[in-house]
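So the structure is just underneath, and the comments pick up after that.
The values are calculated or read from the model by the stated rules, or taken from the named source; none is laboratory data. Only a predicted model underlies this, so the values are computations on that prediction, with no experimental measurement involved. Quick reminder, even Gly has a Cβ in these numbers, built from the backbone with ideal geometry, and neighbours come from all protein chains shown. Surface accessibility is based on the protein's heavy atoms, side chains included, excluding ligands, DNA and RNA. Shrake-Rupley method; radii C 1.70, N 1.55, O 1.52, S 1.80 Å.
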Amino acid sequence: MFGICNLAIVPLRLEPNDRSEMTSQVLFGEHFKILQQKAKWTHIQLAYDGYKGWIDNKQYKTITEEDYKNLSSCPAVLNSDLVEYVTTPNNLLIPIPMGASLSFMDFPEINTEAFSFEGLKTSGITAKENLLKTAFMYLNAPYLWGGKTPFGIDCSGFTQMVYKLNGYHLKRDASQQATQGEALSFIEESEPGDLAFFDNDEGNIIHVGIIMEDNYIIHGHGKVRIDRLDHLGIYNNETRRHTHKLRVIKKII
């Protein structure tokens, strides 16, 4: 079985329980495989990044396998404004966040509500320099574990969505993203838009941010913010200390 998110933002949980940890979110228009169904919960695997989790049975609608394949093979069309809305012929409004998927609207058999959209869209691969323009749109978004929107986002959700909105594919977690791309030897080799990864005392990748010009970095820590980057890691001018230890710099594009 297969499904699609027909609400603005749906929590993806580790366990089938409202009190369970939210590990990610399913945004409007994202489609997925249904792995298991229970009385109140459905275990899914997102088509975009393969991420698995549980969602409430009341927060999606089912689609056919053919619909799933069509959506997986068609170009991604995404809302590129901070928040917009889709409408139906009877004037029902649903607000949707930046990064929500609109691709399904071209398939009447999926878009049974006849949703329409008149806002800003993005589709396809853009120039690398556009990554930071997109990143700045999330500036000051509050940190939220598992979040993927300007209303709450975590460090890897931030990097994934910035890249996704520009047509590039990143995995969901920082440790997964660190397996992608080409490692650079020095900060001086990096370009704006490259990713910097940071580890903990055990050597596990726990944080990621997007490199800017002149040794700055934009990343999610308390909020999406801009800090200094040096060979040791991220330096916070407000606290006058390093907050994250640099592990590796990756060129993804």
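Taking region 54-70 on its own, how many of its residues are among the basic types (K, R) and open to solvent by 80 Å² or more (accessible area, probe 1.4 Å)?
Selection size over region 54-70: 2.
The conditions are (1) without any contact (Cβ under 8 Å) to a residue 24 or more places away in the chain; (2) closer than 26 Å to Y138 by Cβ, and A76 fails exactly one of them. Which is it?
That leaves (1) as the condition not met.
For region 202-251, name all the residues that are open to solvent by 20 Å² or more (accessible area, probe 1.4 Å), out of contact with any Phe, Trp or Tyr (no Cβ under 7 Å at 6 or more places or on another chain) and touching a residue at least 60 places away in the same chain (Cβ under 8 Å).
M212, R225, K251 - these are the residues of region 202-251 that are open to solvent by 20 Å² or more (accessible area, probe 1.4 Å), out of contact with any Phe, Trp or Tyr (no Cβ under 7 Å at 6 or more places or on another chain) and touching a residue at least 60 places away in the same chain (Cβ under 8 Å).
Can G99 be described as among the small types (G, A, S) and surrounded by 22 or more Cβ atoms within 10 Å (Cβ to Cβ)?
yes
Take the residues in region 174-200 that are at pLDDT 95 or above and farther than 15 Å from I252 by Cα; name whichever of them is farthest from the chain's Cα centre (by Cα).
My answer is N200.
Mind checking which residues of region 181-201 are of a type in the set (D, E) and in contact (Cβ under 8 Å) with a residue 60 or more places away in the chain?
Hits for region 181-201 are E182, E189, E191.
Within region 229-253, which residues are among the polar types (S, T, N, Q) and either within 27 Å of the chain's Cα centre (by Cα) or not in a loop (DSSP other than H, G, I, E, B) (or both)?
Passing the criteria: N236, T243.
Mind checking which residues of region 4-27 are open to solvent by 60 Å² or more (accessible area, probe 1.4 Å) and of a type outside the set (D, E, K, R)?
Hits for region 4-27 are L7, I9, L14, N17.
Only residues that are under 17 Å from I96 (Cα atoms), over 11 Å from the mean Cα position of the chain (by Cα) and among the aliphatic types (A, V, I, L, M): list them for region 141-161, please.
A141 - this is the single residue of region 141-161 that is under 17 Å from I96 (Cα atoms), over 11 Å from the mean Cα position of the chain (by Cα) and among the aliphatic types (A, V, I, L, M).
Within region 71-103, how many residues turn out to be in a helix (DSSP H, G or I) and touching a Phe, Trp or Tyr at 6+ places or on another chain (Cβ under 8 Å)?
The qualifying residues number 1.
Which pairs do you get when a residue that is in contact (Cβ under 8 Å) with a residue 40 or more places away in the chain and within 24 Å of E65 (Cα to Cα), found in region 1-24, comes within reach of a residue that is open to solvent by 30 Å² or more (accessible area, probe 1.4 Å) and of a type in the set (G, A, S), reach meaning Cβ atoms under 7 angstrom, with the pair 6+ apart or on two chains?
Short answer, once both residue conditions are applied: none.
Across region 102-133, what is the number of residues that are closer than 28 Å to E65 by Cα, open to solvent by 20 Å² or more (accessible area, probe 1.4 Å) and out of contact with any helix residue (DSSP H, G or I) (no Cβ under 8 Å at 6 or more places or on another chain)?
Residues that pass the stated criteria total 10.
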